[in-house]
Amino acid sequence: MRYMMIIKGDENFRASGPPPQELMEAIGKLAEDAAKTGTIVSFGGLQHSSTGATVRLRGGKLTVKDGPFTEAKEVIGGFSIYNLPSKEKAIEEATKFMELHQRLWPKWDGECEVRLMYEEHEGPVTA
């Protein structure tokens, strides 16, 4: 089963300051270890929202808005996709990632959302 982990936090690092190099190295090691076991599919960090845009459909109309997304308190800062046998294992992996932040960047506040992905043959079902 594929699980996506979505990292959210304050992209301006108002309270925490920027991520320490030691944290970035530890995240790299975590990804390297997951690659060796074949559990990680993909991962990446996202640049500041000022480099992005949103395309919104509302009431049948499309609108485009360039970043930054100043109205958002938290933004997606990164993601990873893992092949794991259960939700419990996915939560274990997310916890390892967040424990690195807790230990190496203690002033940072954020969250890691864990979501099961649809497989190719699946899709949303209407009730």
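The values are calculated or read from the model by the stated rules, or taken from the named source; none is laboratory data. These numbers come from a predicted model, not from an experiment. Glycine also receives a Cβ, built like all others from the backbone with ideal geometry; neighbour counts cover every protein chain displayed. Note: areas computed on protein heavy atoms with side chains; ligands, DNA, RNA excluded. Shrake-Rupley method; radii C 1.70, N 1.55, O 1.52, S 1.80 Å.
Return yes when Phe13 is open to solvent by 40 Å² or more (accessible area, probe 1.4 Å), hydrophobic (A, V, I, L, M, F, W, C) and under 26 Å from Tyr82 (Cβ atoms) and no when it is not.
Spelling it out, it is not the case that Phe13 is open to solvent by 40 Å² or more (accessible area, probe 1.4 Å), hydrophobic (A, V, I, L, M, F, W, C) and under 26 Å from Tyr82 (Cβ atoms).
Mind checking whether some residue in the stretch 18-33 is in contact with a Pro (Cβ under 9 Å, 6 or more places away or on another chain), of a type outside the set (Ser, Thr, Tyr), more than 15 Å from Arg2 (Cα to Cα) and assigned to a loop (DSSP other than H, G, I, E, B)?
No; the residues of the stretch 18-33 include none that is in contact with a Pro (Cβ under 9 Å, 6 or more places away or on another chain), of a type outside the set (Ser, Thr, Tyr), more than 15 Å from Arg2 (Cα to Cα) and assigned to a loop (DSSP other than H, G, I, E, B).
Of all residues in the stretch 57-99 being over 15 Å from the mean Cα position of the chain (by Cα), under 14 Å from Asp10 (Cα atoms) and not β-branched (Val, Ile, Thr), which is surrounded by the fewest Cβ atoms within 10 Å (Cβ to Cβ)?
Among those residues, the one meeting the criterion is Glu71.
Thr54: in a strand (DSSP E or B), free of Cβ contacts under 8 Å to residues at least 60 places away in the same chain and open to solvent by less than 50 Å² (accessible area, probe 1.4 Å), yes or no?
yes
Restricting attention to the stretch 60-80, does a residue exist that is part of a helix (DSSP H, G or I) and among the aliphatic types (A, V, I, L, M)?
For the stretch 60-80, residues part of a helix (DSSP H, G or I) and among the aliphatic types (A, V, I, L, M): absent.
Quick check on my filter: what residues within the stretch 100-127 are open to solvent by 90 Å² or more (accessible area, probe 1.4 Å) and either among the aromatic types (Phe, Trp, Tyr) or assigned to a helix (DSSP H, G or I) (or both)?
Hits for the stretch 100-127 are Gln102, Arg103, Tyr118.
Which residues, taken from the stretch 16-51, are under 19 Å from Phe69 (Cα atoms) and open to solvent by less than 40 Å² (accessible area, probe 1.4 Å)?
Across the stretch 16-51, the qualifying residue is only Ser49.
Could you check the stretch 82-127 and list, in sequence order, the residues that are more than 21 Å from Glu32 (Cβ to Cβ) and hydroxyl-bearing (Ser, Thr, Tyr)?
The answer is Ser86, Tyr118, Thr126.
For Glu92, indicate whether it is outside any strand (DSSP E or B) and within 14 Å of Arg2 (Cβ to Cβ).
In short, no.
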